[in-house]
Amino acid sequence: MIASFRRPKTDKHLTGIHSFLENFSDRNGWIERQGHYGNQWARDIDGKWHPIREARFTGDDIARRGYRLDYAGGVVGNDFFLRNGGFFADTVKLDSRFTRPSDERPEPEIAVDKLDGVFAGLE
């Protein structure tokens, strides 16, 4: 498990999942970066696991204004991917939606009840 979220002072549960690929140094814009995101799951309040199979590709203000055009995202194999930098030309339209194929990866086996209190004091 990578993350567990508690949302105090609200009656809402998880409303979205976000992945990102950033370049914090403007001097590194010539270097291409890629991230692959696969085998992602979310657990509902009844304890049932659901694979994350759908994604929407968005961009920051720099992409939306057209200051940089070397960004892309989509599906490769069974994973989502994000790509930016390197001055490539095969961009992807912002707000495009993607669905990754089903695969045979099993749902997570995590003893969530044993993790209670692990993150105490970090809220």
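Every number here is computed from the coordinates shown, using simple stated rules; none is lab data. Just so we're clear, the structure is a prediction, and the values are computed from it rather than from any experiment. Here Cβ is always computed from backbone atoms with ideal geometry, including for glycine, and neighbour counts include all displayed protein chains.
Key figures for this structure:
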read-out	value
Sequence-distant residues sharing a close amide H with Gly74 (under 5 Å, placed H)	Phe81
Choice from Arg64, Arg53, Arg33 with maximal GNM fluctuation in the chain (Cα, 10 Å cutoff)	Arg64
Formal net charge of residues neighbouring Arg33 (Cβ-Cβ distance under 13 Å; K, R +1; D, E -1)	-1
Options [x] 15.3, 47; [y] 17.4, 48; [z] 17.5, 85 - which one matches Rg and Dmax of the Cα atoms in Å as calculated here	[y]
HN-Hα J in Hz across the stretch 104-111 - Karplus 6.51, -1.76, 1.60, θ = phi - 60°, x for Gly and Pro	9, 5, x, 5, x, 10, 10, 7
Cβ-based net charge around Asp70, under 15 Å, with every Lys or Arg adding one and every Asp or Glu removing one	+1
Candidate lysines - alpha carbon under 27 Å from Lys114, same-chain residues fewer than 8 apart omitted	Lys9, Lys12, Lys48
For the stretch 34-102, radius of gyration divided by Kirkwood radius, i.e. Rg to Rh on alpha-carbons	1.07
Neighbourhood charge, 12 Å Cβ-Cβ cut-off, centred on Gly86 and excluding it, Lys, Arg +1 and Asp, Glu -1	0
Pairwise FRET efficiency - Ala89 versus Ser25, Cβ, R0 = 30 Å, nearest 0.05	0.85
